[in-house]
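Here is the structure we will look at, set down as C-alpha cells.
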Amino acid sequence: MDGCHQRIPLEGAFRNSSGCAISGIIDRSGKRFTAREAITSISVMHDRSNGLGGGFAGYGIYPEYKDYTALHIFYYSSEAKRACETFLEEHFDLINLSKIPTKKHPAITDVPLIWRYFVTALPTKLSFSQLDEDEYTARCVIRINREIEGAYVFSSGKDMGVFKAVGFPEDVGEFYMLDEYEGYSWTVHGRYPTNTPGWWGGSHPFSLLSYSVVHNGEISSYDANRRYIEMYGYACTLQTDTEVITYMIDYLHRRMGLTLEEVSHVLAAPFWSTIEQKEPKEREEYSYLRNTFASMLITGPFSIILGFKGGLMALNDRLKLRSLVAAEKAGRVYFASEEAAIRVIEPEPDRLWYPSGGKAVIVTLDSMQEGEEHGHQLSVSAL
Amino acid sequence: MGINYLYPPFEIIRNQDRCIACRVCERQCANLVHHYDEDKKRMTADESLCVNCHRCVSLCPTRALKIVKTDHTFKENANWKTEVIEDIYRQAQSGGVLLASMGTPKEYPVYWDKMLINASQVTNPSIDPLREPMETRTYLGKKSAKITRDGEGRIITSTTGQLKLDIPIMFSAMSYGSISYNAHKSLAMAASELGTFYNTGEGGLHKDFYQYGKNTIVQVASGRFGVHPEYLNAGAAIEIKMGQGAKPGIGGHLPGSKIGEDISATRMIPLHADAISPAPHHDIYSIEDLRQLVYALKEATRYTKPVIVKVAAVHNISAIASGIARSGADIIAIDGFRGGTGAAPARIRDNVGIPIELALASVDQRLRQEGIRGNVSLVVGGSIRSSSDVIKAIALGADAVYIATSALVALGCHLCRTCHSGKCNWGIATQNPELVKRLNPEVGSQHLVNLLTAWNHEIKEMMGGMGINSIEALKGNRLMLRGIALHETELKILGIAHAGQ
C-alpha cells in the first residue's frame, strides 16, 4: 500500500493492537431487520473506540444475489481499480457491479473508491484449478490483497457484506446508509487502536468468504498463530489479531471440517486440568484437538463474535480477560461488550448472562437443518 | 623426552594457617595432586596434575584451599596466544590429535544472550502464575494433517506415538560408559519424577534401569551398542543418532579401560574391548536409507513409539531437516556446536558446526515455508543454560529443549573439561567404582528435580509476564523476542526485530 496516501506507516506495516467494542444481534426466525439497532447499541459504547475504525457485517442482506459472491473492494487509485477489474474478469463472471452507495459525513474523510461486485467463478478456470469454489474464491481474494497495490477486498461472502471505514462506528453506519439494508444478523465493531492506522482496510469486521469476525482484545499468541496459519496459504498482511483469528476459523471450520464447537475447543482449549476431569471419550477428543492444533491456541484477552452463514458464535478467552455479555428475548439473541449496549435496544431481555471463558455460544437460524453446520450445535436455551 | 615446555595453568593456594593436614584433599584427588610431606609435617601439592575440578576445595573442612589461574605468562601476543603455543608444544611432543571434553570454551557469540524477552504493559494484562493456571505441558510427535470421523461423526482420535512432557525440557543423550551408573540413575529417577525423559545415549540400557522405561528415550547410534528388541521396546521413544553438536561428522571411541563387566554386558561387546562408533551409520549413506532405518525401528516397535532423528547443527541444516521431516521421523533433535561431549578432538569441537540458535531459527522457518512444520516436533540442545534460554528457544520455534551440561553441573560437575581422562572426582564421567560412589543418585536426582522445578517456575513467571498461559502459544512466537547488538543478517536469520523496533 506504499504511496497510496499517508506519511505514517499504513496498516500491515507494523503490528497494531486495539482495544474495542463489539456487538451482535441475530433473529433466529430469519426475520430481516436493518442495522439501526446495531448502530444504537454500539453508540452506547462510544468511549470504547477512538474514532480510528468502525464497521458492520450484515447477513441475509443480498437475497436477490444470494448465490453469488459479493466482493466489496476499496481502491486507492484508478490504476488499482483497473488492475483489479482485469484480474476479476480473468477469474470470475461479473454478474453486477456498482459503487457502494454512501452519504457524505463530516467525520468520515479520506474516502477511497468503494465498489461492489457480484461474481461467480469462471467454470473453466474453476475446474482447471481443481479447487472447490470457496477455496478458489479465497485464493483469489488473498492474491488481490497481497499483489495488487492499492486494491483491497474487504468482503467476499455470499448473501452477506462488510461495511467499514476509519471513524466511529455509528458514523460509519450512517455513511454507508445501513438503514437501507435488511439482514437476519448484524455484527458491529468500534476500534481503539494503539497506533494510528489511517487505512480503511484495517478496520473491522475482518472477513473471508462468509466468515466475519469482530474482536476485542490483544492476543499474546499472535505470532505463534500467524506463523502457523501462514503455512496453509494465508497471508497475514494486516498484522492484526482479527485477521489471524478469521483465517484460523476458516482453516479449521471450512478446510478441516471441524464443527464450530470443535473450533472453539481449539482456539480457546480448556486447561489440561479441566480436560482431565472429563469423561474418557470427551477427554480423548479434547486432548486430540488441543494437541493436533496446538499452534492455533489463542492466549491473552479476546472476545469475538463470529458471523457465519446462518448464525453467530460468541467466544471469550479461557480466563475471560475481556467482557462479553449475552441476552435472549423471544427469538432474538444479543451479544455485546457491555450490558448497557444490549439494554439500550432490548431493555427487558428474557435472559441475560455472561458466557464463561472459553465456552462458545453458538446461535443458528431455526431454519438451519440439523447437521447443516456439521451438527453438534447447542441450542441457546441449553447453555 | 626433552624439556617440558608446559607450565601448569593453575596454582594451588593453601592457607597453611588454616590447613589441619587432615589429608581429605589427598584422598579426594584422583589426579594425585596433594600429598603429605612427612619431613615438613605439612601438605604440599603438585599443581601440574591439577585439572581445577574443585573437589578438594569443596571438601576442605577449613576452607584452606583455592585454585587460581597462574600469572606465569608468555610474551603477550594477540595472535599467538598462550593456548595456541601450548597446543603446538603438545602436538610436537605427542604427534597426536588433541583431545578435549565438554562444550567449546572459545569465545563465539552466544545468541541467547543477544535476545531479549517481551512483557505485557497496559494493552493486555500479564498473568500471575500464582493465581491462574500456567501450562507448560508439551506433546512431541507428528500432528495429524487430516480429521477423520467414524460413522457417528465422532473424530477418530488415534495418533502415532506422542511423548508427553510436563515441562519442555529433557535430558539429552549421555551413554552409560561416558558417564557413570550413578549419574545415569540420577537422570532416570529425576526424569520419572519430573514427567519428562532422559536419554540412554549410545551405550545401551543397563538392566537395572528398565524400570524407568516410560521416561526413557533409547538411542540407536552408528555402533549399535546394546541394541536389541527388548531395548527398543523398553523406552518411550527411539532416537537415531546421526550426529552430535560437539563433534559433527565423526564417531566416538570409548577406550577399553572403561569397558568393565557391566558396560561390556550392557553394550554387548567383549570385556575391555574398545567401543568404536563409526563416523557414519554404515547402512545410511543417504536420506532414503535413513527412511528405511526409521521404518525398521517403527516395525520393530509396532508403530507405538515416536522416532527421533538427532543431527548436529551444520551449515546446510535446514535442507537436512527438511529431508528428515519427510523421512517418517516424528521428532528432529538438533544439537548445536556449543554442546558437550565426553571426549572429542579439540579442533573439531572448537571449529565444526554452527550455533544452535541460528540452526533452530532457520530450520523452523524452512519447515514452515514448506508447510511441513506439523510433520515433526523440534527439540534443540547444545548449550541451554537457563530458563531464559529455554523461553528463547521455544519462542524461536522449538517444541522442547535437551539439556546435558546443565544437568551434569547440577550433579556437581565443575566443567574442568577432562572427562576423557576418566578420573572424574565428582563420580560423573568415570567408571572407577571408588569415584562413582561419590555421586549419590538420591541426592543427584533431587538436585536435578530442584533445578528443573526452579526453571519451570521461572518459565511460568516469564510466560505470565508476556500474557501467555500455555507454552504452545509461545512456540515460534518470535514477536516475543528482540535482538540486541545484532547486525541485520543475524536478525534476518533469527527472524526477529531489533530492540526498539
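The values are calculated or read from the model by the stated rules, or taken from the named source; none is laboratory data. None of the values given here were measured: they were computed from a predicted structure. FYI the Cβ positions are ideal-geometry reconstructions off the backbone, even for glycines, and counts take in every protein chain you see.
When residues of the stretch B:471-501 are filtered for being in contact (Cβ under 8 Å) with a residue 60 or more places away in the chain and surrounded by fewer than 16 Cβ atoms within 10 Å (Cβ to Cβ), how many remain?
Start the filter on the stretch B:471-501 by keeping residues that are in contact (Cβ under 8 Å) with a residue 60 or more places away in the chain, which leaves B:471-472, B:474-486, B:490, B:493-496, B:499.
Pick out the ones that are also surrounded by fewer than 16 Cβ atoms within 10 Å (Cβ to Cβ) and you get B:484-485, B:499.
Selection size over the stretch B:471-501: 3.
For the stretch B:51-69, how many residues meet the condition of being outside any helix (DSSP H, G or I) and in contact with a helix residue (DSSP H, G or I) (Cβ under 9 Å, 6 or more places away or on another chain)?
Start the filter on the stretch B:51-69 by keeping residues that are outside any helix (DSSP H, G or I), which leaves B:51-54, B:60-69.
Cutting the leftovers down to in contact with a helix residue (DSSP H, G or I) (Cβ under 9 Å, 6 or more places away or on another chain) gives us B:51, B:60-61, B:63-67.
Of the residues in the stretch B:51-69, 8 are outside any helix (DSSP H, G or I) and in contact with a helix residue (DSSP H, G or I) (Cβ under 9 Å, 6 or more places away or on another chain).
Identify, from the list B:Lys423, B:Lys475, B:Lys460, the residue that is within 14 Å of chain A (Cβ to nearest Cβ) and either in contact with a Phe, Trp or Tyr (Cβ under 6 Å, 6 or more places away or on another chain) or in a loop (DSSP other than H, G, I, E, B) (or both).
Numbers: B:Lys423 fails: within 14 Å of chain A (Cβ to nearest Cβ); B:Lys460 fails: either in contact with a Phe, Trp or Tyr (Cβ under 6 Å, 6 or more places away or on another chain) or in a loop (DSSP other than H, G, I, E, B) (or both).
Being within 14 Å of chain A (Cβ to nearest Cβ) and either in contact with a Phe, Trp or Tyr (Cβ under 6 Å, 6 or more places away or on another chain) or in a loop (DSSP other than H, G, I, E, B) (or both) holds for just one of B:Lys423, B:Lys475, B:Lys460, which is B:Lys475.
Please verify whether the stretch B:436-451 includes one or more residues that are crowded, with 20+ Cβ neighbours inside 10 Å and on the phi > 0 side of the Ramachandran plot.
Scanning the stretch B:436-451, I find no residue that is crowded, with 20+ Cβ neighbours inside 10 Å and on the phi > 0 side of the Ramachandran plot, so the answer is no.
Between B:Ile468, B:Ile391, which is part of a helix (DSSP H, G or I), within 14 Å of chain A (Cβ to nearest Cβ), surrounded by 18 or more Cβ atoms within 10 Å (Cβ to Cβ) and at pLDDT 95 or above? Don't jump to the end; show me each part of the working.
Working: B:Ile468 fails: part of a helix (DSSP H, G or I).
Of B:Ile468, B:Ile391, the one residue that is part of a helix (DSSP H, G or I), within 14 Å of chain A (Cβ to nearest Cβ), surrounded by 18 or more Cβ atoms within 10 Å (Cβ to Cβ) and at pLDDT 95 or above is B:Ile391.
Of the residues B:Ile269, B:Ile287, B:Ile250, B:Ile217, which is under 24 Å from the mean Cα position of the chain (by Cα) and surrounded by fewer than 23 Cβ atoms within 10 Å (Cβ to Cβ)?
Values: B:Ile269 fails: under 24 Å from the mean Cα position of the chain (by Cα); B:Ile287 fails: under 24 Å from the mean Cα position of the chain (by Cα); B:Ile217 fails: surrounded by fewer than 23 Cβ atoms within 10 Å (Cβ to Cβ).
Of B:Ile269, B:Ile287, B:Ile250, B:Ile217, the one residue that is under 24 Å from the mean Cα position of the chain (by Cα) and surrounded by fewer than 23 Cβ atoms within 10 Å (Cβ to Cβ) is B:Ile250.
Filter the stretch A:291-321 down to the residues that are outside any loop (DSSP other than H, G, I, E, B) and at the interface with chain B (Cβ under 8 Å from one of its Cβ atoms) and list them by number.
Here is the first cut: in the stretch A:291-321, the ones outside any loop (DSSP other than H, G, I, E, B) are A:291-292, A:294-296, A:302-308, A:311-316.
A:Asn291, A:Thr292, A:Ala294, A:Ser295, listed by residue number.
Report yes if some residue within the stretch B:184-203 is over 30 Å from A:Glu262 (Cα atoms), of a type in the set (Gly, Ala, Ser) and in a loop (DSSP other than H, G, I, E, B); otherwise report no.
Step one: filter the stretch B:184-203 for residues over 30 Å from A:Glu262 (Cα atoms), giving B:184-194, B:197-203.
Filter once more, so that each one left must be of a type in the set (Gly, Ala, Ser): B:186, B:188, B:190-192, B:201, B:203.
Applying the additional criterion that residues be in a loop (DSSP other than H, G, I, E, B) yields none.
Taking every residue of the stretch B:184-203 in turn, none turns out to be over 30 Å from A:Glu262 (Cα atoms), of a type in the set (Gly, Ala, Ser) and in a loop (DSSP other than H, G, I, E, B).
Any idea which of B:Asp350, B:Asp364, B:Asp335 is within 14 Å of another protein chain (Cβ to nearest Cβ) and touching a residue at least 40 places away in the same chain (Cβ under 8 Å)?
Numbers: B:Asp350 fails: within 14 Å of another protein chain (Cβ to nearest Cβ); B:Asp335 fails: within 14 Å of another protein chain (Cβ to nearest Cβ).
Among B:Asp350, B:Asp364, B:Asp335, only B:Asp364 is within 14 Å of another protein chain (Cβ to nearest Cβ) and touching a residue at least 40 places away in the same chain (Cβ under 8 Å).
Among the listed residues B:Lys142, B:Lys164, B:Lys146, which satisfies the condition of being part of a loop (DSSP other than H, G, I, E, B), within 27 Å of A:Glu276 (Cβ to Cβ) and in contact with a strand residue (DSSP E or B) (Cβ under 9 Å, 6 or more places away or on another chain)?
Working: B:Lys164 fails: part of a loop (DSSP other than H, G, I, E, B); B:Lys146 fails: in contact with a strand residue (DSSP E or B) (Cβ under 9 Å, 6 or more places away or on another chain).
After ruling out the rest, the residue left standing is B:Lys142.
Given the criterion more than 17 Å from the chain's Cα centre (by Cα), modelled with pLDDT of 95 or more and closer than 20 Å to B:Ile356 by Cα, identify the matching residue among B:Leu479, B:Leu408. Outline the logic, then answer.
Values: B:Leu408 fails: more than 17 Å from the chain's Cα centre (by Cα).
Only one candidate qualifies: B:Leu479.
Need pairs with beta-carbon distance below 7 Å; first residue under 12 Å from A:Asn145 (Cβ atoms) and within the stretch A:65-82, second modelled with pLDDT under 95 and in a helix (DSSP H, G or I); sequence gap 6+ or separate chains.
A:Phe74/A:Trp200; A:Phe74/A:Gly201
May I ask you to verify whether B:Gln28 is over 30 Å from B:Ile391 (Cα atoms) and either touching a Phe, Trp or Tyr at 6+ places or on another chain (Cβ under 6 Å) or surrounded by 14 or more Cβ atoms within 10 Å (Cβ to Cβ) (or both)?
Numbers: over 30 Å from B:Ile391 (Cα atoms): yes; either touching a Phe, Trp or Tyr at 6+ places or on another chain (Cβ under 6 Å) or surrounded by 14 or more Cβ atoms within 10 Å (Cβ to Cβ) (or both): yes.
So B:Gln28 passes the test.
In this structure, is B:Leu116 more than 14 Å from chain A (Cβ to nearest Cβ), within 30 Å of B:Leu494 (Cα to Cα) and hydrophobic (A, V, I, L, M, F, W, C)? Even if it seems obvious, please write down each step before you answer.
Numbers: more than 14 Å from chain A (Cβ to nearest Cβ): yes; within 30 Å of B:Leu494 (Cα to Cα): yes; hydrophobic (A, V, I, L, M, F, W, C): yes.
Criteria met by B:Leu116.
Restricting attention to the stretch A:322-334, and to residues there that are assigned to a strand (DSSP E or B) and either in contact (Cβ under 8 Å) with a residue 40 or more places away in the chain or closer than 22 Å to A:Gly190 by Cα (or both), which single residue is farthest from the other protein chains (Cβ to nearest Cβ)? Steps first, answer last, please.
Narrowing the stretch A:322-334 to residues assigned to a strand (DSSP E or B): A:325-329, A:332-334.
Pick out the ones that are also either in contact (Cβ under 8 Å) with a residue 40 or more places away in the chain or closer than 22 Å to A:Gly190 by Cα (or both) and you get A:325-328, A:332-334.
On the way: A:Val325: 20, A:Ala326: 23, A:Ala327: 26, A:Glu328: 28, A:Arg332: 30, A:Val333: 25, A:Tyr334: 26 Å.
Top of the filtered list is A:Arg332.
Residues are listed down the side, and each one gets a yes or a no for (1) closer than 20 Å to A:His253 by Cα; (2) in a loop (DSSP other than H, G, I, E, B); (3) modelled with pLDDT under 95:
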{"site": "A:Ile342", "(1), (2), (3)": "no, no, no"}
{"site": "A:Pro349", "(1), (2), (3)": "no, yes, no"}
{"site": "A:Leu352", "(1), (2), (3)": "no, no, no"}
{"site": "A:Gly358", "(1), (2), (3)": "yes, yes, yes"}
{"site": "A:Ile362", "(1), (2), (3)": "yes, no, no"}
{"site": "A:Met368", "(1), (2), (3)": "yes, yes, yes"}
{"site": "A:Glu373", "(1), (2), (3)": "yes, yes, yes"}
{"site": "A:Leu378", "(1), (2), (3)": "yes, yes, yes"}
{"site": "A:Ser381", "(1), (2), (3)": "no, no, yes"}
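Between residues in the stretch A:248-276 that are touching a residue at least 40 places away in the same chain (Cβ under 8 Å) and at the interface with chain B (Cβ under 10 Å from one of its Cβ atoms) and residues that are polar (S, T, N, Q) and surrounded by 18 or more Cβ atoms within 10 Å (Cβ to Cβ), which pairs lie under 9 Å by C-beta distance while being six or more apart or on different chains?
Listed pairs, sorted by first residue: A:Thr259/A:Gln377; A:Ala269/B:Ser470; A:Phe271/B:Asn469; A:Phe271/B:Ser470.
Of all residues in the stretch A:149-186, which are closer than 24 Å to A:Tyr234 by Cβ, assigned to a loop (DSSP other than H, G, I, E, B) and modelled with pLDDT of 95 or more? Outline the logic, then answer.
Filtering the stretch A:149-186 down to residues closer than 24 Å to A:Tyr234 by Cβ leaves A:149-164.
Those left that are additionally assigned to a loop (DSSP other than H, G, I, E, B): A:149-150, A:156-157, A:159.
Passing the criteria: A:Ser156, A:Gly157, A:Asp159.
Taking B:Thr123 and the conditions (1) at pLDDT 95 or above; (2) touching an Asp or Glu at 6+ places or on another chain (Cβ under 7 Å); (3) within 10 Å of chain A (Cβ to nearest Cβ), which numbered condition does it fall short on, given that it satisfies the others?
Failed condition: (1).
Name the residues in the stretch A:29-51 that are part of a loop (DSSP other than H, G, I, E, B) and buried (at least 22 other Cβ atoms within 10 Å of the Cβ), would you? Full working, then the answer.
Here is the first cut: in the stretch A:29-51, the residues part of a loop (DSSP other than H, G, I, E, B) are A:29-32, A:34-35, A:45, A:49-51.
Listed by number, the residues that qualify are A:Ala35, A:Met45, A:Ser49.
For the stretch A:187-201, does any single residue satisfy the condition of being in contact (Cβ under 8 Å) with a residue 12 or more places away in the chain, within 11 Å of chain B (Cβ to nearest Cβ) and over 19 Å from the mean Cα position of the chain (by Cα)? Let's see the steps before the verdict.
Initial filter on the stretch A:187-201 (in contact (Cβ under 8 Å) with a residue 12 or more places away in the chain): A:187-201.
Next cut, within 11 Å of chain B (Cβ to nearest Cβ) only: A:192-195.
Narrowing further to those that are over 19 Å from the mean Cα position of the chain (by Cα): A:194-195.
Looking for residues that are in contact (Cβ under 8 Å) with a residue 12 or more places away in the chain, within 11 Å of chain B (Cβ to nearest Cβ) and over 19 Å from the mean Cα position of the chain (by Cα), one finds at least one in the stretch A:187-201, hence yes.
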